[in-house]
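Values in this text are rule-based calculations from the coordinates and carry no lab data. What you see is a predicted model, and the numbers here were worked out from it, not measured in a lab. Note: ideal-geometry Cβ built from the backbone for every residue, glycine included; neighbour counts use all protein chains shown.
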Amino acid sequence: MLASGRGSNLQALLDAITAGALDARVVGVFSDRAGAPALARARDAGIPALALSPRDHPSRDAFDIALFDAVEATAPDLIICAGYMRLLGDAVVAPRSARMVNIHPSLLPDFKGLHTHRQALAAGATRHGASVHFVTADLDGGPVIAQAEVPVFAGDDEATLSARVLEREHPLLVETVRLLAQGRIALGDGGVSFDGRVLHAPLQLAANNRFA
Ligand code: GAR
């Protein structure tokens, strides 16, 4: 897993694994920030955690290569970006698209990039949420696997809206990783497939945390 900050999505996966609700193993947590609480969460769980500083590398590409050398040394089946806030270059992304996913706090393709809750409020959106998508060279533009939707209420601000979305991010990530770990989701030429059939729209996480 790649994380730059708080690590609540990482924690959600770790908690699901500990509870026996998710058959998976986190083999390493990697960050571009040594102080990221996500690293502490990993270490508390006995998981190898490594921070690499972009400043120690001569270029973005050199940093990316060093980062993915470390990632691949743990031989992951799946690479999960969960609040990893640094752009990744095409050279490291393209060969890994089919086994690298990201969680993004909006209903993609709406509100790519940063400050998604602010963007949603400014646009007058009445629905918002989070997406898990395969990572491609197109920033926040890779094929979407699954989404969780929340309402936007009059009177919402960034804090209330982001809290409502985050509460749904956690089950969304756990349930999507479950399908990925079971080999039920794949990225192919036709897009995302689920149980061998091409998805024409992202899976939607229902209130009972099952996919509709
Ligand atoms: C989450 O809301 C995640 O969707 C977002 O950062 C937060 C990380 O929280 N990711 C992005 O904005 C990526 N563009 P966490 O560190 O508590 O999991």
Inset, instruction - Rounded to the nearest 0.05, what FRET efficiency do Ala51 and Ala154 give with R0 = 45 Å and r taken as the Cβ-Cβ distance? Could you check? - result: 0.60
Legend entry - Other-chain or far-sequence residues with amide H under 5 Å of Gly129's (modelled H): Leu107, Val150
Inset, instruction - Apply 1/(1 + (r/R0)^6) to the Cβ-Cβ distance of Asp195 and Ala21, taking R0 = 22 Å, and write down the FRET efficiency to the nearest 0.05. - result: 0.60
Inset, instruction - Mind checking the full-extension length gain between Met85 and Ile65? Use 0.36 nm per residue of separation minus the Cα-Cα distance, one decimal, nm. - result: 5.5 nm
Legend entry - Relative contact order (%) - region 67-212, alpha-carbon pairs under 8 angstrom, separation at least six: 19
Inset, instruction - Per DSSP H run of at least 4 residues, take -39500 (n - 2.57); add these up for the chain, divide by its residues and hand me the 222 nm value, nearest 500 deg cm²/dmol. - result: -10000 deg cm²/dmol
Legend entry - Qualifying trypsin sites (Lys or Arg not before Pro) for region 22-53 [loop in DSSP, other Cβ within 10 Å: at most 12]: Arg25
Inset, instruction - For Ser4, enumerate residues with amide H under 5 Å from its amide H, sequence gap 5+ or separate chain, H modeled in the peptide plane. - result: Tyr84, Met85
